[in-house]
Amino acid sequence: MDERRIRNGSSNDAKATTLFDRHLGAKIRALRSSHCMTQAELGAALGITFQQVRKYENGTNRITAERLYKISRVFDVPIASLFDAALSAAGFEVAPSRPVIMHLPDRERA
């Protein structure tokens, strides 16, 4: 079993939280505090209860990609900033971020 995995039920529990989840929650707590926002206010902005926010911040519950996106919009930060800090803190190697460039085809002129 991965040493970074936190026991949360059986060792075969695919939904068990990890150190990454705890560090991600800590990053969200720091952002919320820096914006002088309560758990209830963040919960209202996300459409969830303050208890759910607390579980996210404590790393008790995992956070979906959609919820991470919404959190990044509430705090007006790039979603990658949430990951980079949490990955580094959890002991994962983080590659330098590179901008993603998309080339979209020109629209056909009528």
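The values are calculated or read from the model by the stated rules, or taken from the named source; none is laboratory data. Since the model is a prediction, treat every value here as computed from it, not as a measurement. Because the Cβ atoms are built from the backbone with ideal geometry, glycine has one as well, and the counts that use them run over all protein chains shown.
Quick notes on this one:
- Of residues in the range 66-93 being at pLDDT 85 or above and part of a loop (DSSP other than H, G, I, E, B), the one surrounded by the fewest Cβ atoms within 10 Å (Cβ to Cβ): ASP76
- Positions within the range 10-47 being in contact (Cβ under 8 Å) with a residue 12 or more places away in the chain, surrounded by 15 or more Cβ atoms within 10 Å (Cβ to Cβ), out of contact with any Asp or Glu (no Cβ under 8 Å at 6 or more places or on another chain) and not in a helix (DSSP H, G or I), in sequence order: THR17
- Flag not set for GLN52, criterion: out of contact with any Gly (no Cβ under 7 Å at 6 or more places or on another chain), of a type outside the set (Phe, Trp, Tyr) and modelled with pLDDT of 70 or more.
- Residues (under 8 Å from the mean Cα position of the chain (by Cα) and crowded, with 16+ Cβ neighbours inside 10 Å) located in the range 48-65: ILE63
- Members of the range 68-87 found to be within 11 Å of the chain's Cα centre (by Cα) and either within 16 Å of ALA26 (Cβ to Cβ) or small (Gly, Ala, Ser) (or both), listed by number: LEU68, ILE71, SER72, ALA80, SER81, LEU82, PHE83, ASP84, ALA85, ALA86, LEU87
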